[in-house]
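To keep things clear, I will list the structure first and then write my remarks on it.
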Amino acid sequence: MKKIALLGSTGSIGTQTLEVIDENGCAEVETISVYSNIKLAEEQIRKYKPKLAAVMLEDKAKELKIKVADTSTKILCGKDGIISCAVHNNVDTVVTAVVGISGLLPTMEAIKAGKDIALANKETLVAGGCLVMPLAKQKGVKILPVDSEHSAIFQSCNGDSRSLKKILLTASGGPFLGKKRNEIYNMTPAQALKHPNWNMGAKVTIDSSTLMNKGLEVIEASHLFNIPLDRIEVVVHPESIIHSMVEYDDNSVIAQLSLPDMKLPISYALTYPERRYCGTKEANFFDISSLTFKKPDTEAFPCLSLAFYAQEVGGTMPAVLNGANEIAVSKFLNEKICFGEIPELINNVMSKHSAVQNPSLDDILKADMWAREAAEDCL
Ligand code: NDP
Ligand code: MG
């Protein structure tokens, strides 16, 4: 049984990780972290009895400490508290299920402490993959993908990506599939939050509607599987049954299929190389009946091309793409910019950045901060 730190325990991936554990008992929860949702954190503390719980916001941490004073869970706060949860002695695997760049530092510290990583937080690899992957190799720790596409690739190549010719990364296409740029320019947050196949946190749902999510996943895949961009192809597959495919030199294609349910990749990351039932329903192919495929429309969804471009430039540019996107998504959700302005803002910020090659962690964090400020200035 794994002993996990669950960073982002109150989110979509965090709560589904706990559902998987309830279903198949694959892990024990040693530590948890949240941003501010102390109501749910309290319930989780009472049910899972973690040794530590960290709350990002200090006043919320103080409140939680009083609420759970009758338990044995120690409450910590801020970034340092989250890192303490990640590196706790009892933990062997860190489930990184926080959103955005906030995953980077705790993941790096966990790797330094020799913990395996079950990684949902793609932004960590987008911004810092050039540091995270070599560090994991040096420390001999596993980075097990939780993102469904990357789990599918990992499953399809049996964990060994060395002989792949190509990755076929599938995309649902999001709620605006088939629409033209002018038709979606003024779409509202409520419209963009209606994902056809997946129920996820707000940030990744908006990223799915702009196809930035697929762009971030292309970068994530190139780091995880050590494969150049020209060998990653995005295939729009609206049914979300094939979660991605790999192609070999003989043109044989291997895919992983299931109903869309994040519990499956979460469970696989925690039980690998074994498999356990985790609550995902069986796929009935007679009900599904057809699987369809299209090329992505990068004119309507320029975020996908921006991500390819950022990774081609390399260095600090992917961190800038990610930082600018985080600001753009939050401004869109707060109705400060319209849907069509999301790629415009990111493009604007990227065009002002001179990428630093072979960046240090400090260079990446500075580039992220710079991108956020530059995005605010553009507005
Ligand atoms: P949610 O927004 O649902 O949850 C985010 C979690 O992280 C919450 O527990 C939240 O705490 C915490 N959190 C938010 N901001 C911070 C911060 N600045 N510092 C520390 N903790 C923070 O996100 P998801 O679960 O949807 O996504 C998590 C990650 O997994 C993302 O990187 C996403 O791209 C990836 N992913 C998600 C999928 C999904 O199906 N949801 C699928 C594939 C990948 P609080 O509740 O207190 O705010
Ligand atoms: Mg995904």
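Every number here is computed from the coordinates shown, using simple stated rules; none is lab data. Quantities reported herein were computed from a predicted structural model and do not represent experimental measurements. With ideal geometry, Cβ positions are generated from the backbone for all residues, glycine too; neighbour counts draw on all protein chains shown.
Observations on the structure shown:
- Any hit, the stretch 83-101, residues being in a helix (DSSP H, G or I), more than 16 Å from ligand 2 (Cβ to nearest atom) and farther than 25 Å from E63 by Cα: yes
- Looking across the stretch 61-82, just one residue is assigned to a loop (DSSP other than H, G, I, E, B) and touching a strand residue (DSSP E or B) at 6+ places or on another chain (Cβ under 6 Å), and that is T73.
- Residues of the stretch 192-212 classified as touching a residue at least 24 places away in the same chain (Cβ under 8 Å), of a type in the set (S, T, N, Q) and either surrounded by 20 or more Cβ atoms within 10 Å (Cβ to Cβ) or more than 9 Å from ligand 1 (Cβ to nearest atom) (or both), total: 4
- Checking each residue in the stretch 213-238 for being surrounded by fewer than 19 Cβ atoms within 10 Å (Cβ to Cβ) and either among the hydrophobic types (A, V, I, L, M, F, W, C) or closer than 18 Å to F176 by Cα (or both) picks out L229, V235, P238.
- Filtering the stretch 195-251 to residues that are of a type in the set (S, T, N, Q), part of a loop (DSSP other than H, G, I, E, B) and at positive phi leaves N226, S240, N251.
- Only listed residue being away from ligand 1 (no atom under 12 Å from the Cβ), surrounded by 19 or more Cβ atoms within 10 Å (Cβ to Cβ) and either farther than 21 Å from T124 by Cβ or basic (K, R) (or both), chosen from I4, I45: I45
- Residues of the stretch 339-359 that are in contact (Cβ under 8 Å) with a residue 60 or more places away in the chain and surrounded by fewer than 16 Cβ atoms within 10 Å (Cβ to Cβ): N358 alone.
- Matching residues, the stretch 138-173, being more than 16 Å from ligand 1 (Cβ to nearest atom), part of a helix (DSSP H, G or I) and in contact (Cβ under 8 Å) with a residue 60 or more places away in the chain: S156
- Within the stretch 87-106, being farther than 20 Å from I266 by Cα and under 11 Å from the mean Cα position of the chain (by Cα) holds for one residue alone: I101.
- Pair list, Cβ under 6 Å, 6 or more apart: the stretch 269-296 residue on the phi > 0 side of the Ramachandran plot, other residue in a helix (DSSP H, G or I) and acidic (D, E): G279/E23
- Of residues in the stretch 107-125 being more than 17 Å from A269 (Cβ to Cβ) and assigned to a helix (DSSP H, G or I), the one farthest from the chain's Cα centre (by Cα): K112
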